[in-house]
Amino acid sequence: MFGRELDYRWPFRRESLPYAVAHFLGYRRPGYKEKKLKLWRNCIWSFLGAWLSIGLLEIMFMYAPLFRAHKTPFIIGSYGAATTLLYGAYTSPTVQPPNVIFGHLIGSFIGVATSKLFTQTATHWSSAGQQQALVWVSGASAMALSLVAMEVTNTVHPPAGAAALIACVDKNVIAIGWYYIGVIMLSSTIILVISCLINNIERRYPVYWWKPKTTGTSTNNSNSNSNNGNIGNNGNCNCNGNGNDSNNSNDSNNSNNDNDISSTTPGQGSGLHSPTNGNRVAPIKVFSANPYPAHVQSAVDTLLAYAESLDGKEKGFCVKVPEQRTSGSVIL
């Protein structure tokens, strides 16, 4: 998923916001090139972001009267892992906003529901061992179910699996019940906001807000030309993918279809006469999935001009276009 071109799908367009705001939402102006920071600078921002995130969560849950009244744990252990990923691997798909928010929502909901189903529905136990066995069964089930749910919704977030497990095995968390989901969502929102502030000072986060969209290259309509770039030239030139010439006048690709630039009729197509005219160079066929880069197109134009300057000579030569957003060759 990463390393590919990404498009942004979100209810609002970040570029429509003031740049001072959009910058901290991960937007960069066209032509922006992210600079590579030295290790010590990365470490400084990671330390600052992690310290602020964990410290703020601990202070809030430890001292706020509302959370003290519910005897909320002053920190959920899964946020140590979440914070590590947000600052140490902030370009990973697993720590983008949809994964952080929805992954924790799924994990906490399944964790609480599984805990109540396995350990809080029965009131009488045949033995203490039976109750203890149900605890580890519920923990394993909650973690596995939350992983499957995150895979189905494409919101895999490793710390969310820990959040589901904690809901089944931590007595303090079990005691607060469904209130645990609110604690998780508030904590996720806080660390996400701090990450947007810290990571966008000299780095960039998030990579996307909703989901990535790949902008792949389109395929050529001519299947015979898309793979090896072979073209017959009535025995004059046959350029294949390996750059070898062969005198094969029966090449199936040497057909006069509407996709060819050249024409077997003099004065049509590219302006060059075909070999059947016997006076000038072979026909030209150009095929590519996408427009050529400027420097490649310039070289092609130069070769075309040279080909037209040949008069009374029958020559054939091949030009292999570099694989830069192209899927074919230029053959003269």
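The values are calculated or read from the model by the stated rules, or taken from the named source; none is laboratory data. Predicted model only: the values in this text are computed from it and were never measured. Cβ atoms come from the backbone with ideal geometry, glycine included; neighbour counts cover every protein chain shown.
A few points about this structure:
- Any hit, region 211-223, residues being assigned to a loop (DSSP other than H, G, I, E, B), at pLDDT 90 or above and of a type in the set (D, E, K, R): no
- Enumeration of residues in region 63-109 that are assigned to a helix (DSSP H, G or I) and of a type in the set (S, T, N, Q): Ser78, Thr83, Thr84, Thr94, Asn99, Ser108
- Residue that is surrounded by the fewest Cβ atoms within 10 Å (Cβ to Cβ), among those in region 73-117 that are among the β-branched types (Val, Ile, Thr) and farther than 21 Å from Asn199 by Cα: Ile75
- Hits in region 45-64 (condition: among the polar types (S, T, N, Q) and in contact with a Phe, Trp or Tyr (Cβ under 6 Å, 6 or more places away or on another chain)): Ser46
- So Leu147, is it under 23 Å from Tyr208 (Cα atoms) and not charged (D, E, K, R): yes
- Breaking point among (1) surrounded by fewer than 16 Cβ atoms within 10 Å (Cβ to Cβ); (2) farther than 19 Å from Met62 by Cα; (3) in contact (Cβ under 8 Å) with a residue 40 or more places away in the chain, for Met185: (2)
- Out of Ala122, Ala142, sole residue that is part of a helix (DSSP H, G or I), of a type in the set (A, V, I, L, M) and either crowded, with 19+ Cβ neighbours inside 10 Å or modelled with pLDDT under 95 (or both): Ala142
- Of all the numbered requirements in (1) part of a loop (DSSP other than H, G, I, E, B); (2) out of contact with any helix residue (DSSP H, G or I) (no Cβ under 7 Å at 6 or more places or on another chain), Trp51 misses one, and that requirement is (1).
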